[in-house]
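Student: Please see the structure below; I have some questions.
The values are calculated or read from the model by the stated rules, or taken from the named source; none is laboratory data. Everything quoted here is computed from the prediction, not taken from an experiment. Positions of Cβ are generated from backbone atoms using ideal geometry, with glycine treated the same way; all protein chains shown enter the neighbour counts. All accessible areas refer to the heavy atoms of the entire protein, side chains included, with ligands and DNA or RNA removed. Shrake-Rupley method; radii C 1.70, N 1.55, O 1.52, S 1.80 Å.
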Amino acid sequence: EKGGYQHFMLKEIHEQPKAVQETLSRRIDSKTGDIRLDGISLTMEDLQKLTKIVIVACGTAYHAGLVGKYLIEKFARIPVEVDIASEFRYRDPFVDEHTLFIAVSQSGETLDTLMSLREAKSKGARILSIVNVVGSSVARESDDVFYTWAGPEIAVASTKAYTTQLICFYLLALYMGRLKGTVSDDSYRMMMRELNALPEKIQRILDRSKDIEKLAELLYNRTQVFYIGRGLDSAVAYEGSLKLKEISYINSFAIAAGELKHGTIALMEPETTVIALATQDRLFDKMYSNIEEVKARHAHIVTLVKEGHDVKDISTEVITIPNCTDEVAPVLSVVPLQLFAYYVARAKGENIDKPRNLAKSVTVE
Ligand code: M6R
């Protein structure tokens, strides 16, 4: 059942090229190359009525929502809020009939997400959900469902659900942007090319898993790991950090790199490991300075960059991902971080598929 892999988590990490391909092909017309949202009603009229979009989720799905906000605001130019379900439902949020509420959930059974959905619905919002499990509670109670089609995810640590949730957000944001005219034909075509190239690029990262395994074996006894990044990289930093802590029990922490000097940099010592994500070309120089700041405190720095960037001067180790446009980088940069968390936990001998104190779906409040 684990298909020759030692753990479901590793199997599911390796299923990502196929899963991402599936999410894409369900929504892209093979003849015209256009995005089809069959079964989801999002007309020009619907979009004109919208004043904002609210994305609500927990854990990894929330981290996908952080990327979703960036994409929808960039491509569709609609204001987006992202919230954690257990916060959203208790804060009497501003939601009305001009709000599109997007729930993101692998299982579709997370109670706080479901209750937030009901809260938004009672205030008149349209409900669209991005869900993996077909026919789950969140799916049943939504007006429209954008299935991720990742296939069953067994390991408690979410991997292929996250990457396919991201794909749903790209498709949704580009679809809305095209309808509204906020995405030019050229950038639409460029983005479609970038999306279609992802399965093969993820595969290239997986083919080099050995490098990450070696890095994990070098660092598995570290006690404190920071993940830093800017822009989309900050969203991926949160996800990388959650992966590591939930299965390896290492105290890990993610922070937007520009925020370091407002407090957290005080924690940097020679023993500290910093995983610095620097995949965003637009923010590269700024990120470079942030890495220099932590280097000056003698931290052990692992820098994650696109191929071709020279960061040896400021890094103890370097991880590369295939070249891509900044917007799609999260789908690639998360993969080495998933592998890193996996191999660290394996080196520590932890129960990877069923980490202590955690359940696959959290159906309690
Ligand atoms: O099923 P859901 O996507 O609603 O679950 C949300 C979180 O409980 C889940 O992503 C959790 O954070 C994972 N264990 C992360 O790997």
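Student: Per residue, how large is the accessible surface of the range 6-137? Use a 1.4 angstrom probe and give square angstrom.
Tutor: On the way: 5390 Å² over 132 residues.
With all protein chains present, the range 6-137 gives 41 Å² per residue.
Student: Here's something else I'd like to know. Above 12 Å lies some portion of the pair distances; for the range 1-46, what is it as a whole percent of all C-alpha pairs? Before the final figure, lay out each step's value.
Tutor: Numbers: 725 of 1035 pairs.
Summing the P(r) of the range 1-46 above 12 Å gives 70 percent of all pairs.
Student: Express the carbon and sulfur contribution to the solvent-accessible surface of the chain as a percent, rounded to the nearest whole number, probe 1.4 angstrom. Don't skip to the end; give the middle numbers.
Tutor: On the way: 7290 of 14900 Å².
C and S atoms contribute 49 percent here.
Student: Would you list the P(r) distribution for the chain, with all Cα-Cα distances sorted into 20 Å bins from 0 and each bin expressed as a whole %?
Tutor: 31, 59, 10
Student: Given an 8 Å cut-off on Cα distances and at least 6 residues of separation, report the relative contact order of the range 3-94 as a percent.
Tutor: Details: 58 pairs, mean separation 18.8, N = 92.
Relative contact order for the range 3-94 comes out at 20 percent.
Student: Cross-link partners among lysines for residue 160, C-alpha distance below 22 Å, same-chain residues fewer than 8 apart left out?
Tutor: Cα-Cα hits under 22 Å: 2, 11, 18, 69, 201, 210, 243, 245, 306, 354, 360.
Student: Let me check against my output: what whole-number percent is the relative contact order of the chain, with C-alpha pairs under 8 Å and at least 6 apart?
Tutor: 19
Student: Taking the Cβ of residue 318 as the centre, find all other residues whose Cβ is under 12 Å away and add up their charges (Lys, Arg: +1; Asp, Glu: -1).
Tutor: Details: positive: 306, 312; negative: 211, 307, 310, 313, 317.
Summing Lys and Arg as +1 and Asp and Glu as -1 gives -3.
Student: According to a simple spin-label model (label point 7 Å from Cα along Cα-to-Cβ), what is the distance in nm between residue 360 and residue 262?
Tutor: Placing both labels 7 Å beyond Cα along the Cβ direction yields 3.9 nm.
Student: Still on this structure: If r is the Cβ-Cβ distance from residue 182 to residue 297 and R0 is 30 Å, what FRET efficiency results, to the nearest 0.05? List each step's numbers first, then the result.
Tutor: On the way: r = 42 Å, r/R0 = 1.41.
Plugging the Cβ-Cβ distance into 1/(1 + (r/R0)^6) gives 0.10.
Student: Also, quick follow-up: Heavy-atom accessible area per residue, the range 278-365, 1.4 Å probe: how many Å²?
Tutor: Numbers: 3830 Å² over 88 residues.
So the range 278-365 comes to 44 Å² accessible per residue, rounded to a whole number.
Student: Okay, moving on. Given a Förster radius of 30 Å and the C-beta distance between residue 48 and residue 91 as r, what FRET efficiency does 1/(1 + (r/R0)^6) yield to the nearest 0.05?
Tutor: Values: r = 28 Å, r/R0 = 0.93.
Once the sixth-power term is evaluated, E becomes 0.60.
Student: Further question on the same structure: Please report Rg over Rh for the range 298-365, where both radii come from the alpha carbon positions and Rh follows the Kirkwood definition.
Tutor: Numbers: Rg = 16.2 Å, Rh = 14.7 Å.
Ratio of gyration radius to Kirkwood radius: 1.10.
Student: A further question follows. Any chance you could run the full-extension gain for residue 223 through residue 253? It's 0.36 nm times the residue separation minus the Cα-Cα distance, nm to one decimal.
Tutor: Details: separation 30, 0.36 × 30 = 10.80 nm, distance 1.13 nm.
Between residue 223 and residue 253, full extension yields an extra 9.7 nm.
Student: With a length cut of 20 Å (Cα positions projected on each helix's long axis) and a Kyte-Doolittle mean of at least 0.0, go through the chain and give me the DSSP H helices that pass. Don't jump to the answer; show the numbers that get you there.
Tutor: Numbers: long enough: 59-76 (25 Å, 0.31); 160-180 (30 Å, 0.61); 232-248 (24 Å, 0.08); 329-347 (28 Å, 1.24).
Counting only whole DSSP H runs, the qualifying helices are 59-76, 160-180, 232-248, 329-347.
Student: Among 30, 122, 333, which one moves the most in a GNM of the chain with springs linking Cα atoms closer than 10 Å?
Tutor: Largest GNM mean-square fluctuation: 30.
Student: What do the square roots of 5 times the Cα gyration tensor eigenvalues come to for the range 78-177, in whole Å, largest first, as semi-axes of the equivalent ellipsoid?
Tutor: Numbers: eigenvalues 92, 52, 29 Å².
Its equivalent ellipsoid spans semi-axes of 21, 16, 12 Å.
Student: I've got another one for you. I'd like to compare 144-157, 182-195: which one has the highest average count of other Cβ atoms within 10 Å, and what's the full order after that? Don't skip to the answer; put the middle values down first.
Tutor: Values: 144-157: 20.8, 182-195: 15.6.
The peptides rank, most packed first, as 144-157, 182-195.
Student: Which length gain, in nm to one decimal place, applies between residue 348 and residue 211 when the Cα-Cα distance is subtracted from 0.36 nm times their residue separation? Please list the in-between numbers first.
Tutor: On the way: separation 137, 0.36 × 137 = 49.32 nm, distance 1.76 nm.
Net length gain for the segment: 47.6 nm.
Student: Then there is this: Near residue 5, within a Cβ-to-Cβ distance under 12 Å, what is the net charge of the other residues, with Lys and Arg +1 and Asp and Glu -1?
Tutor: Details: positive: 2, 11, 346; negative: 1, 12, 15, 353.
Net charge in that neighbourhood comes out at -1.
Student: Please list, by residue number, every one of the trypsin sites (Lys or Arg not before Pro) in the range 89-132 that is coil in DSSP and has at most 13 other beta-carbon atoms within 10 Å.
Tutor: Numbers: sites: 89, 91, 118, 121, 123, 126; in loops: 89, 91, 123.
Qualifying residues, ordered by number: 91.
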